[in-house]
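See below for the structure under consideration.
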Amino acid sequence: MITMIRIALLLLLVMCGVAQAQSVPAICQPHGVVKEKLERQYGEVLVAMGLAGTALFEVYASEAGTFTVLLTRPEMRGLSCIQGAGQDFILTGNEYPKVKKGSPS
């Protein structure tokens with residue numbers, strides 16, 4: 001009987017998690033559309049980018065401190081998805097550490 005209750009609780013938790021995940025739709029549109037909207041509506045411009053495998057991550061930010069993280073992958077066929085957005089973005093001004101030539105890193 002205890003096992004049945006545990007299984008029922010586990011199924012309930014899984015179903016709640018799936019329902020919650022499905023209630024937050026990904027915002028994916030053609031890259032040019034997203035970029036233009038970020039610039040026009042929020043005043044955000046590209047301030048950083050990097051690759052993680054084949055995924056391109058871009059960070060757009062505005063002088064007002066808003067920012068958006070955008071993800072694009074080749075298999076997404078030109079679509080880019082917003083991965084996160086927020087406020088109070090600042091550039092730290094940090095510089096890369098100086099590495100002496102020939103020193104192992």
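The values are calculated or read from the model by the stated rules, or taken from the named source; none is laboratory data. Because the structure is predicted, anything quoted here is derived from the model rather than measured. FYI the Cβ positions are ideal-geometry reconstructions off the backbone, even for glycines, and counts take in every protein chain you see.
Quick notes on this structure:
- Per this entry, E58 is counted among residues that are in contact with a strand residue (DSSP E or B) (Cβ under 8 Å, 6 or more places away or on another chain), outside any helix (DSSP H, G or I), among the acidic types (D, E) and closer than 15 Å to L91 by Cα.
- Yes/no for L38 being assigned to a helix (DSSP H, G or I), at pLDDT 95 or above and not basic (K, R): yes
- Hey, R40 surrounded by 12 or more Cβ atoms within 10 Å (Cβ to Cβ) and either of a type in the set (K, R) or in contact with a Pro (Cβ under 9 Å, 6 or more places away or on another chain) (or both) or not: no
- Of all positions in segment 88-98, at least one carries a residue that is surrounded by 10 or more Cβ atoms within 10 Å (Cβ to Cβ) and either out of contact with any His (no Cβ under 6 Å at 6 or more places or on another chain) or part of a strand (DSSP E or B) (or both).
- Scanning segment 58-75 for residues that are out of contact with any Leu (no Cβ under 6 Å at 6 or more places or on another chain) and surrounded by 14 or more Cβ atoms within 10 Å (Cβ to Cβ) yields V59, A61, S62, T66, F67, V69, L70, L71, R73.
- Close pairs (6 angstrom Cβ cut-off, 6 or more residues apart or separate chains): free of Cβ contacts under 8 Å to residues at least 12 places away in the same chain and within 21 Å of P30 (Cβ to Cβ) in segment 49-71, crowded, with 18+ Cβ neighbours inside 10 Å and not hydrophobic (A, V, I, L, M, F, W, C) anywhere: M49/E58
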